[in-house]
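The values are calculated or read from the model by the stated rules, or taken from the named source; none is laboratory data. It should be emphasised that the depicted structure is a prediction, and the values quoted were computed from it without experimental measurement. A quick note on method: Cβ atoms are made from the backbone with ideal geometry, for glycine too, and the neighbour counts reach across all protein chains shown. Note: accessible area is taken over every heavy atom of the protein model, side chains too, but ligands, DNA and RNA are not part of it. Shrake-Rupley method; radii C 1.70, N 1.55, O 1.52, S 1.80 Å.
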Amino acid sequence: MAGSVGANIRGITIKLGGDSSDLVKSFKEVNTAAKKTSDSLKDIDKLLKLDPGNVTLLKQKQDLLNRSYKETQQRLTEVKAIRDKLEANNEGGKNQQRIEALNREIVSLEHELDNVKTKASSFSVLGAQMEAAGDKIKAV
């Protein structure tokens with residue numbers, strides 16, 4: 001596909017020349033999946049406040065945390081690929097602002113990846129059940 005293709009990244013429109021439609025499409029799909037996972041995690045957290053010992057919800061949360069980690073890794077890979085493509089087409093520094101914005105996005109995603117990794121590794125269904133049981137014992 002000749003011409004330019006665009007991708008929105010947090011309020012920035014990135015235009016890539018050449019054949020990059022697959023890259024942009026893949027990035028949009030990854031962002032959509034990440035948004036759905038994030039929304040699901042928020043819903044599960046709300047339900048866990050009502051029933052902290054629910055094994056089904058705890059298992060779903062663990063699965064979603066693992067999925068969120070993989071999706072964040074994929075988003076980071078996609079943003080780096082877009083940045084590399086822009087750097088390759090940066091004649092005369094015309095894409096410098098976009099590249100800098102992508103570099104900021106990369107730092108943000110790396111921080112998010114560390115946070116998700118920490119949450120996923122520290123969360124366990126058994127640990128959450130033990131904590132809920134401890135809260136019930138304290139109440140008694």
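Residues Glu78, Glu112, Glu105, Glu131: which one is in a helix (DSSP H, G or I) and more than 23 Å from the chain's Cα centre (by Cα)?
Numbers: Glu78 fails: more than 23 Å from the chain's Cα centre (by Cα); Glu112 fails: more than 23 Å from the chain's Cα centre (by Cα); Glu105 fails: more than 23 Å from the chain's Cα centre (by Cα).
Sole residue among the options that is in a helix (DSSP H, G or I) and more than 23 Å from the chain's Cα centre (by Cα): Glu131.
I'd like to check something: does region 62-82 contain any residue that is in contact (Cβ under 8 Å) with a residue 60 or more places away in the chain, open to solvent by 60 Å² or more (accessible area, probe 1.4 Å) and more than 16 Å from Ser38 (Cβ to Cβ)? Don't jump to the end; show me each part of the working.
Start the filter on region 62-82 by keeping residues that are in contact (Cβ under 8 Å) with a residue 60 or more places away in the chain, which leaves 62, 79, 82.
Next, only the ones that are open to solvent by 60 Å² or more (accessible area, probe 1.4 Å) stay: none.
No.
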- Item | Neighbours by Cβ (under 7 Å, 6+ apart or cross-chain): first from region 44-55, open to solvent by 50 Å² or more (accessible area, probe 1.4 Å); second charged (D, E, K, R) | Pro52/Asp135
